[in-house]
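Step one of this worksheet: look at the structure below.
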Amino acid sequence: MIENNLYYKSTRGAEKKFLSASAIIKGIADDGGLFVPETIPFFNTDLNKLKNLDYKELSYFIMKDFFSDYHQEELKHCINQAYDNKFDTPLIAPLIPKMGVYFLELFHGPTLAFKDMALSILPHLLTKAIKKLELKQEIVILTATSGDTGKAALEGFVGVKGTKIIVFFPEKGVSEIQKRQMLTQEGENVVVIAVKGNFDDAQKGVKEIFEAPDFNKRMNKKGYLFSSANSINIGRLIPQIVYYFYAYLHLYKAGEIRTNEKINIVVPTGNFGNILAAYTAKEMGLPINKLICASNENKVLTDFFNTGIYDRRRELVATISPSMDILISSNLERLLWIINDKENKMVKTLMNSLNEKGYYKINSEAKKKLHCFYGEFASQDESRQRIKEVFEESKYLLDPHTAVGYAVYKKYINETRDRTKTVIAATASPFKFTKSVMESLDNRYKEFNDFELVDKMSDLAQIPIPPTIRNIEKRSIRHKMIWGKEEIGVRLAEILNL
């Protein structure tokens with residue numbers, strides 16, 4: 001093995017180690033586990049040396065130790081290609097003070113959601129990895145989405161040579177604008193499929209294909225290789241760490257916090273990737289006090305943090321924050337690995353229990369290690385109230401997911417009286433959820449559809465309509481396939497001519 005390189009291994013027991021390029025291409029380990037770094041790099045650099053770095057420079061500083069097998073010029077090329085003028089602000093992720101907190105706007109990329117922050121760089125990391133490993137196969141990227149990952153992945157991989165991307169989304173589980181963003185996607189190497197079911201059904205179908213030996217043999221014979229653009233891919237997760245450092249340094253540079261002063265971070269989450277990135281930042285040395293995990297009514301994570309029991313045996317609730325309508329939070333497996341002392345067999349046992357029984361329970365020692373998390377949920381009514389409250393008081397418009405985060409933050413304050421300065425991850429633009437947002441402000445908007453409300457939202461909030469969704473309702477629908485959840489494997493084999 002090469003010295004001074006960071007290696008990745010599976011959460012579930014496979015002893016084989018991989019450099020980051022191989023882990024990024026594989027997406028998921030052969031035993032079904034997720035790739036985790038053997039160690040987390042720790043940064044004790046003086047903040048004064050970092051505070052003036054722009055987003056690209058900070059990205060390189062954070063990522064270089066995680067992607068240690070990428071040469072400096074390779075990684076810098078990936079970063080420069082990712083964080084360019086496809087974002088509508090040179091800041092990439094502005095920090096906006098409102099209502100006594102700081103909203104970290106992660107939606108300034110081409111698809112108006114935080115997934116752009118990582119999916120803008122993943123295609124470049126992947127194509128560099130293919131060249132580094134001298135692979136000849138075509139990479140087939142399978143991605144299940146609860147709304148935002150799908151469009152961001154399509155946007156990132158469209159036209160990328162040597163790749164084909166196939167996105168699955170729940171037919172009735174996304175907003176009309178999210179759906180139209182995906183169904184109108186152009187590109188010869190992209191396929192979009194609606195699934196009759198919810199996000200968990202789509203995600204389960206994709207993971208089963210990754211883990212099916214016979215399917216993979218047929219893929220290899222055909223010259224294909226699977227990968228993933230979901231946050232189960234380490235190439236998605238690591239870039240998300242950067243914006244938490246960026247937010248902290250922004251506050252430090254502005255004099256809002258003192259040297260090493262701790263902050264709280266609130267993350268509305270479903271699949272647990274975004275808040276896991278914040279947790280990793282904390283493990284790396286970023287001064288974070290509390291990680292506030294905000295759920296909607298699908299509150300499996302809230303229950304887990306409060307009881308130590310993860311139980312998916314409940315009905316999925318379709319809410320106004322559809323990207324969080326998830327009962328199986330895949331990235332939680334990486335946290336399980338950490339709090340169980342990196343004991344692969346224990347993680348495998350827990351995940352087998354979840355798969356076979358629908359739940360698992362962690363032991364008391366593992367639960368003690370969750371003390372830096374606070375888990376709570378917000379109902380749809382509470383989220384609507386917070387959208388209305390924030391707009392009336394500050395003229396700042398929250399999307400329904402960020403509203404969940406703000407609502408849970410208010411509960412945390414009422415419960416703890418903690419006055420630590422707080423950053424809330426603003427995960428999507430309100431323009432992606434016009435109907436939910438506008439109806440939260442005033443019932444009179446109920447008579448209009450999602451697309452009609454784009455103009456009305458722009459007029460009301462005095463925000464320009466993002467070019468990527470202007471007149472989106474007039475674009476041609478290019479993808480019309482609707483599959484049953486039980487036929488994903490068979491139909492996918494037909495598409496790939498296996």
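Okay, residues lined up against (1) farther than 23 Å from S20 by Cα; (2) in contact with a helix residue (DSSP H, G or I) (Cβ under 9 Å, 6 or more places away or on another chain):
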site: Q203; (1), (2): yes, no
site: F215; (1), (2): yes, yes
site: L237; (1), (2): no, yes
site: Q240; (1), (2): no, yes
site: F245; (1), (2): no, yes
(message) Going by what's in this entry, would R334 be described as closer than 28 Å to G150 by Cα, touching a Leu at 6+ places or on another chain (Cβ under 8 Å) and basic (K, R)?
(response) yes
(request) Examine segment 213-222 for a residue that is among the polar types (S, T, N, Q), surrounded by fewer than 17 Cβ atoms within 10 Å (Cβ to Cβ) and assigned to a helix (DSSP H, G or I), and state whether such a residue exists. (result) yes
(message) For segment 403-449, give me each residue that is closer than 20 Å to A247 by Cβ and of a type in the set (F, W, Y).
(response) Y406, Y409, Y412
(message) Checking I338 against (1) surrounded by fewer than 18 Cβ atoms within 10 Å (Cβ to Cβ); (2) part of a helix (DSSP H, G or I), only one condition comes out false. Which one?
(response) (1)
(message) Can you say whether E134 is acidic (D, E) and more than 30 Å from R218 (Cβ to Cβ), as far as the supplied structure shows?
(response) no
(message) Looking at the structure I just gave you, is K131 free of Cβ contacts under 8 Å to residues at least 24 places away in the same chain and under 30 Å from Y83 (Cβ atoms)?
(response) yes
(message) Can you pull out every residue in segment 137-178 that is in contact with a strand residue (DSSP E or B) (Cβ under 7 Å, 6 or more places away or on another chain), at pLDDT 90 or above and charged (D, E, K, R)?
(response) E138, K164, E171
(request) Would you tally the residues in segment 460-472 being in a helix (DSSP H, G or I) and over 22 Å from E392 (Cβ atoms)? (result) 4
(message) Let me confirm something: among G308, G273, which residue is of a type in the set (G, A, S) and over 17 Å from the mean Cα position of the chain (by Cα)?
(response) G308
(message) Considering only segment 201-210, I want to know if a residue exists there that is closer than 16 Å to I139 by Cα and either over 20 Å from the mean Cα position of the chain (by Cα) or free of Cβ contacts under 8 Å to residues at least 12 places away in the same chain (or both).
(response) yes
(request) Scan segment 286-325 for residues that are farther than 19 Å from A428 by Cα, acidic (D, E) and either modelled with pLDDT under 95 or surrounded by fewer than 16 Cβ atoms within 10 Å (Cβ to Cβ) (or both) and jot them down. (result) E315
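Yes/no matrix, rows are residues, columns are (1) under 30 Å from E393 (Cβ atoms); (2) of a type outside the set (V, I, T):
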position	(1), (2)
P97	yes, yes
V101	yes, no
P123	no, yes
L126	no, yes
V140	no, no
E155	no, yes
(message) Being crowded, with 18+ Cβ neighbours inside 10 Å and farther than 30 Å from K207 by Cα: is that true of I469 here?
(response) yes
(request) Return a yes/no flag: does segment 212-235 have any residue that is modelled with pLDDT under 95, aromatic (F, W, Y) and out of contact with any strand residue (DSSP E or B) (no Cβ under 7 Å at 6 or more places or on another chain). (result) yes
(request) Would you list the strands (runs of 3 or more DSSP E) that sit entirely within segment 108-199 and hold 2 or more residues that are among the hydrophobic types (A, V, I, L, M, F, W, C) and more than 18 Å from the chain's Cα centre (by Cα)? (result) 138-144, 190-196
(request) May I ask you to list the residues in segment 341-360 that are in contact with a strand residue (DSSP E or B) (Cβ under 6 Å, 6 or more places away or on another chain) and part of a helix (DSSP H, G or I)? (result) L350, S353, L354
(request) Consider K342 carefully, then state whether it is on the phi > 0 side of the Ramachandran plot and of a type in the set (K, R). (result) yes
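The values are calculated or read from the model by the stated rules, or taken from the named source; none is laboratory data. Because the structure is a prediction, the values reported are computed rather than measured. Using ideal geometry, Cβ is built from the backbone for each residue, glycine included, and neighbour counts are taken over all protein chains shown.
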